[in-house]
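First up is the structure itself, then whatever we jot down about it.
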Amino acid sequence: MQTRMEEKHKMVLQVLRGFIVENLRFLMGIINILFLKEVLCEEEKDTILVEDVLQAQIERLLDILLWKGENAFPSFIEALKETGNEHIVKELEQQGG
């Protein structure tokens, strides 16, 4: 049975949503890492990539992550670090993530 993402992590993602959407780089790399870590499935990848604007793709990713299990947030943090998005990791940590 998969547990849900911790409420504090959901809150941090929601509070920083605009910042993440405006500042996230290398989305495809993040999606691929999350897919390899089995946080995202093929259908969810397709749902994200069907959006034709980068910001909409990032918003879709965040929407999906909110409903994932407790491993989704740490996996997202790892993916951010691996793709050079440390500036977002820093903001997430400062907000209590």
Exercise for review: Name the residue, out of ASN85, ASN23, ASN71, whose mean-square fluctuation peaks in a Gaussian network model built on the chain with Cα pairs under 10 Å.
Suggested key: ASN23
Review point. When ligands, DNA and RNA are left out and all protein chains stay put, how many square angstrom of accessible area per residue does the chain have with a 1.4 Å probe?
Key: 58
Point to revise | Whole-percent carbon and sulfur share, accessible surface of the chain, 1.4 Å | key: 50
Review point. GluC sites (Glu not before Pro) within region 1-70: which are DSSP loop residues with at most 10 other Cβ atoms inside 10 Å?
Key: GLU38
Exercise for review: Show that you can apply the helix-only estimate: for the chain, add -39,500 (n - 2.57) for every DSSP H stretch of four or more residues, divide by all residues, and state [θ] at 222 nm to the nearest 500.
Suggested key: -19500 deg cm²/dmol
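The values are calculated or read from the model by the stated rules, or taken from the named source; none is laboratory data. Keep in mind that what you see is a predicted model, and the values were worked out from it rather than measured. Cβ coordinates were reconstructed from backbone atoms using ideal geometry, including for glycine residues, and neighbour counts include every protein chain displayed. The accessibility values were calculated without ligands, DNA or RNA, using every heavy atom of the protein model including side chains. Shrake-Rupley method; radii C 1.70, N 1.55, O 1.52, S 1.80 Å.
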